[in-house]
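The values are calculated or read from the model by the stated rules, or taken from the named source; none is laboratory data. Quick caveat: nothing in here was measured; it's all calculated off a predicted structure. Ligands, DNA and RNA are stripped out before the accessible areas are found, and what is left, the full protein with its side chains, is counted by its heavy atoms. Shrake-Rupley method; radii C 1.70, N 1.55, O 1.52, S 1.80 Å.
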Amino acid sequence: MNGLFTGSVRGFGGGPGYGAAMPDTRVPFRVRPLTIVAIAAAVVFVVVAIVYLTMSHPKHALLFFGLAVLALIGAWFSTGRRS
């Protein structure tokens, strides 16, 4: 490889980043039980909407797709910053 990539990976070959501490990999937001429930509800609403589409009830399917979007928005807002 003609030394082209020597030291290009941090911590490889004694390059400038060798021995550096790893960055903080914690998730910067909090996943609450309400978040999990809202995501599960959104999945259920999408399944029900697909069933209604197969039964030729587009208004009901649109309603449940809308509920799924609202549940996902609720899940998004229920995640808060870690303090």
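Quick notes on this one:
- Candidates in the range 8-41 are the residues that are modelled with pLDDT under 75 and hydroxyl-bearing (Ser, Thr, Tyr); of these, the one that is most open to solvent (accessible area, probe 1.4 Å) is 18.
- When the range 65-78 is filtered for residues that are open to solvent by less than 70 Å² (accessible area, probe 1.4 Å) and more than 15 Å from the chain's Cα centre (by Cα), the ones remaining, listed by number, are 66, 67, 68.
- So residue 81, is it open to solvent by 80 Å² or more (accessible area, probe 1.4 Å), within 16 Å of the chain's Cα centre (by Cα), at pLDDT 75 or above and not aliphatic (A, V, I, L, M): no
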